[in-house]
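Undergrad: This is the structure I have questions about; it appears just below.
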Amino acid sequence: MEELLRQWDGECVVVRHDPPTQAWILIAVHSTRLGPAIGGTRMRGYPGVSEALEDAQRLASGMTLKLALTELDAGGGKAVLCVPRRLEGAERAGLLRRYGALVHSLGGLFQTGPDVGTSAEDMDTIAETAGPFVHSRPEGSGGAGDSAPYTALGVEAGMRAVCERLDGDGSLAGRRILIQGIGNVGRHLLERLLQAGAEVLVSDVDARALQQAAAAGAVRVVPPDEALAAECELFAPCALGGVLNEQSIARLRCRAVVGSANNQLARPEDAERLQARGILYAPDFLVSFGGALGVLGCETRGWSPQEARERVAGSIRRRLAEVLALAEAEGLGPEAAARRLAERRLAAGR
Ligand code: PHE
């Protein structure tokens, strides 16, 4: 833990143990240079609290990059609720309220929304104690609702930009696309891709999620251990991070990777490994900013849902095209080019 805290380039980490649930609450504030640190609240189990801390730190850094690429004035952070088991009912609500009180005490330094393991409904519970620093609450509570549909829309826009780049044709009709992870975002992405006429393959470690996906339309199910090696045009990681590593990259049989999972690259050098294999990598922190942009746009800029959808799709398409053009002009990989654009905005400040 000491080493992780010493090495991190973020601003601070707030840590609190929650005796009633034995959970650890970690709030990583990476950067407030462009505005309050904003990021989702992730709730899941980890082997230990240092793994949870490392995840929170990496995810918070990713949010700084994400939000710097949007038109919003927002910094990056992330919260992890490291729980010993799945929490439900009163126990879950208790933890969320105590966590909300901690968020409130930070006075707006950190603001949150849903992420892996939390929902728009959970945001309502957090808001009972956190007050105005909670986004993506259900529409009935005055929020913009779940962020996942906006994230999925952004991924689809990213896919179109990539296809445009590869073939001069942004249409997804007839293209074979593999979605890894049929969770909150994966489900919405599946629907959109079927509508766009793509041939969709799906994979998930959860058999029930797969059954639902199969019921949703004509999809082929790929067993989890074969997903990486499945032949497809686009591979869309929509589950947890770290899927792109030395071993998996060697097995990939796709033309491009475009997905919503955060921190897809296990190590920075995996970006070069993808490039060496001739696989176009659409940086995750760009392709997945639709959720935060759509929700925050509605809640802080007064966009209508329709306007938010147009802006999410337009921003991601434009940003990705810009990144791919910069990458080519400078002989960089797309990941490095996207970082450069984000860092430029961060250097300029607000
Ligand atoms: N989970 C979102 C992400 O990773 C974070 C978010 C959603 C933040 C909605 C604010 C509002 O990008």
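Undergrad: In the range 177-236, which residue that is of a type in the set (Val, Ile, Thr) and buried (at least 17 other Cβ atoms within 10 Å of the Cβ) is modelled with the lowest pLDDT?
TA: Top of the filtered list is 219.
Undergrad: Determine if the range 270-289 includes at least one residue that is in contact with a Ser or Thr (Cβ under 8 Å, 6 or more places away or on another chain) and assigned to a helix (DSSP H, G or I).
TA: yes
Undergrad: While we're here: If residue 274 satisfies every condition in (1) within 16 Å of the ligand (Cβ to nearest atom); (2) open to solvent by less than 10 Å² (accessible area, probe 1.4 Å); (3) among the hydrophobic types (A, V, I, L, M, F, W, C) but one, which is the exception?
TA: Result: residue 274 passes all but (1).
Undergrad: Scan the range 31-82 residue by residue and report those that are of a type in the set (Lys, Arg) and outside any helix (DSSP H, G or I).
TA: Selection gives 33, 42, 44, 78.
Undergrad: A further question follows. Condition check: in contact with a strand residue (DSSP E or B) (Cβ under 9 Å, 6 or more places away or on another chain), more than 12 Å from the ligand (Cβ to nearest atom) and open to solvent by 10 Å² or more (accessible area, probe 1.4 Å). Does residue 255 satisfy that?
TA: Taking the combined requirement at face value, the residue satisfies it.
Undergrad: Could you pull out the residue among 154, 113 that is within 11 Å of the ligand (Cβ to nearest atom), modelled with pLDDT of 95 or more, buried (at least 21 other Cβ atoms within 10 Å of the Cβ) and outside any helix (DSSP H, G or I)?
TA: The unique qualifying residue is 113.
Undergrad: Continuing with this model, one more query. So, of the residues in the range 116-141 that are outside any helix (DSSP H, G or I) and either of a type in the set (A, V, I, L, M, F, W, C) or within 20 Å of residue 62 (Cβ to Cβ) (or both), which turns out to be most open to solvent (accessible area, probe 1.4 Å)?
TA: 116
Undergrad: Is one or more of the residues making up the range 172-186 charged (D, E, K, R), in a helix (DSSP H, G or I) and away from the ligand (no atom under 13 Å from the Cβ)?
TA: Looking through the range 172-186, none of the residues is charged (D, E, K, R), in a helix (DSSP H, G or I) and away from the ligand (no atom under 13 Å from the Cβ).
Undergrad: On to the next question. Go through the range 28-67 and report how many residues are within 14 Å of the ligand (Cβ to nearest atom), open to solvent by 10 Å² or more (accessible area, probe 1.4 Å) and of a type in the set (S, T, N, Q).
TA: 1
Undergrad: Being surrounded by 23 or more Cβ atoms within 10 Å (Cβ to Cβ), away from the ligand (no atom under 11 Å from the Cβ) and within 20 Å of residue 316 (Cα to Cα) is the filter here; which residues of the range 68-83 pass it?
TA: Result: 68, 69, 75.
Undergrad: Do we have residue 178 as of a type in the set (A, V, I, L, M, F, W, C), in contact (Cβ under 8 Å) with a residue 60 or more places away in the chain and under 20 Å from residue 226 (Cα atoms) here?
TA: Yes, satisfied.
Undergrad: Continuing with the same structure: When you check residue 193 against the structure, is it more than 12 Å from the ligand (Cβ to nearest atom), closer than 13 Å to residue 259 by Cβ and in a helix (DSSP H, G or I), yes or no?
TA: In short, yes.
Undergrad: Counting just the residues of the range 277-306 that are away from the ligand (no atom under 16 Å from the Cβ) and aliphatic (A, V, I, L, M), which one comes out farthest from the chain's Cα centre (by Cα)?
TA: 279
Undergrad: Report whether or not residue 144 is closer than 20 Å to residue 35 by Cβ, open to solvent by 10 Å² or more (accessible area, probe 1.4 Å) and in a loop (DSSP other than H, G, I, E, B).
TA: Answer is yes for this residue.
The values are calculated or read from the model by the stated rules, or taken from the named source; none is laboratory data. It should be emphasised that the depicted structure is a prediction, and the values quoted were computed from it without experimental measurement. All Cβ positions, glycine included, derive from the backbone under ideal geometry; neighbour counts span all protein chains shown. For the accessible areas, the whole protein counts, side chains as well, though only heavy atoms, and no ligand, DNA or RNA atoms are used. Shrake-Rupley method; radii C 1.70, N 1.55, O 1.52, S 1.80 Å.
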